[in-house]
1. Given V276, V287, which one is surrounded by fewer than 24 Cβ atoms within 10 Å (Cβ to Cβ), modelled with pLDDT of 85 or more and outside any loop (DSSP other than H, G, I, E, B)?
2. Please go through region 348-368 and pick out each residue that is in a helix (DSSP H, G or I), modelled with pLDDT under 85 and open to solvent by 10 Å² or more (accessible area, probe 1.4 Å).
3. Taking region 369-412 as the search range and keeping residues that are open to solvent by less than 20 Å² (accessible area, probe 1.4 Å) and among the aromatic types (F, W, Y), which one is farthest from T263 (Cα to Cα)?
4. Find the residue count for region 149-175, including only residues that are under 23 Å from A33 (Cα atoms), part of a helix (DSSP H, G or I) and open to solvent by less than 20 Å² (accessible area, probe 1.4 Å).
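The values are calculated or read from the model by the stated rules, or taken from the named source; none is laboratory data. All of these numbers come straight from a predicted model, not from anything done at the bench. For neighbour counting, all protein chains shown are included, and Cβ atoms are generated from backbone atoms with ideal geometry for every residue, glycine included. Each accessible area value is taken on the protein alone, full model and side chains, heavy atoms only, with ligands, DNA and RNA left out. Shrake-Rupley method; radii C 1.70, N 1.55, O 1.52, S 1.80 Å.
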Amino acid sequence: MMGGMGAEDTTTTTSATARPTEPGGGPANGTRAWTARLFVVGILLAAVNLRPAITSLGALLEEVRDGLGMSGSVAGLLTSVPPLCFAVFGVMAPRLARRFGPPAVVCAGMVAITAGLLIRPYVGGTAGFLAGSALALMGIAVSNVLMPVIVKRWFPDRVGSMTGLYSMALAAGTSIAAAVTVPVTDALGGGWQSGLAVWAGLAAVAVLPWLPLVRERGPAPTPVAEARAGADRQASALRITRSRTAWALAVFFGLQATAAYITMGWMAQIFRDAGVPAGTAGLLLAVTMVMGVPLAFVIPRVATRLPRQGPIVIALGVCGLAGYAGLWAAPAGGAWAWALLLGVSNCAFPLALTMVGMRSRTGAGVVQLSAFAQSVGYLISIPGPLLVGVLYQHSGGWGLPIALMAGLMIPQMAVGVLAGRDRTVEDEAAAAG
């Protein structure tokens with residue numbers, strides 16, 4: 001379904017595991033130490049900017065709805081825009097990366113995020129707001145797909161730790177936006193437009209480290225890399241749809257994304273409707289997101305040491321079920337506990353990213369599996385936030401939406417166990433062919 005990166009680029013990715021590394025983390029015979037450090041800075045800053053566009057809106061959703069005259073169903077559509085954009089634009093990432101290189105595409109993605117966040121509050125009307133959001137989300141989408149590729153290519157012997165750092169930065173940006181958007185809005189005069197637009201400044205900073213890297217195409221090939229070129233050429237033609245593991249990982253990614261975007265889009269509103277003040281509701285959402293900071297570093301490192309990741313999937317799912325049960329029974333009384341439990345459950349995201357790298361043997365396989373799992377996964381996640389909005393509007397409460405969230409956790413656990421089995425998509429596709 002998705003194209004690979006091409007033999008010249010991808011051979012360097014997988015073969016680099018046989019080379020020593022510099023203190024900066026890059027291959028000793030390839031990327032210079034300062035370039036490797038610049039990649040680390042760029043990856044972290046990019047990751048910080050991959051969710052504020054969404055969680056800042058979640059914190060101010062009621063104000064945006066009132067300001068733009070949205071119904072509950074339209075607001076549900078708005079919360080479904082992120083996964084829709086991720087699915088549509090994520091498909092473009094491998095082709096763009098082949099032509100321009102992953103760093104150049106991520107740099108352009110950061111520019112798109114900056115522009116979208118800056119213009120969406122001020123263009124006027126729901127349609128203009130959606131268009132500005134789509135521009136920012138397009139930048140997020142291509143960066144989402146290419147981050148595992150960049151980690152695998154430039155840090156092949158540190159996939160677990162770099163994925164953990166990247167996931168920690170992503171969780172930090174998510175939680176910070178959720179926590180401070182309301183007080184920042186108040187400090188800027190109370191207008192939701194300025195409270196949303198302020199995040200464009202953070203995105204603009206993330207452009208800077210990628211500018212010197214736009215011409216980077218990957219570490220220089222070594223004899224070992226060239227000897228393995230044939231394997232990557234075969235992987236570039238991989239029929240990813242023939243792999244059951246690829247489908248299981250895509251569905252797992254989609255269901256965890258459904259839970260994440262429902263949480264980011266609606267959880268603050270659930271607490272507000274239960275009588276929790278707006279500022280506290282934003283903090284509760286931030287607590288949910290900030291749980292990903294330490295766990296996003298720990299979970300990938302643990303996952304890479306296990307042949308099967310099923311036990312981690314089950315543990316995260318049980319936390320999610322407990323959190324939803326509490327949110328249904330006593331949303332205000334046990335709010336902090338439910339926020340913590342759902343924060344642990346949302347760490348299925350870094351686990352899914354880690355499994356993308358573990359379920360493929362070659363660089364081309366990583367590119368295809370990342371694009372396939374994320375694009376199909378985000379397509380699967382589109383109806384969830386919209387359906388929550390419809391159920392909320394027509395039932396007049398949160399009982400049915402919360403029941404939906406809990407019900408989706410069961411198949412998420414099942415396909416996660418399947419995706420966590422010790423096998424590779426290349427082997428499965430070859431056996432099916």
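1. On the way: V276 fails: outside any loop (DSSP other than H, G, I, E, B).
The unique qualifying residue is V287.
2. Correct list: G357 only.
3. Among those that are open to solvent by less than 20 Å² (accessible area, probe 1.4 Å) and among the aromatic types (F, W, Y), it is F372.
4. Within region 149-175, residues that are under 23 Å from A33 (Cα atoms), part of a helix (DSSP H, G or I) and open to solvent by less than 20 Å² (accessible area, probe 1.4 Å) number 12.
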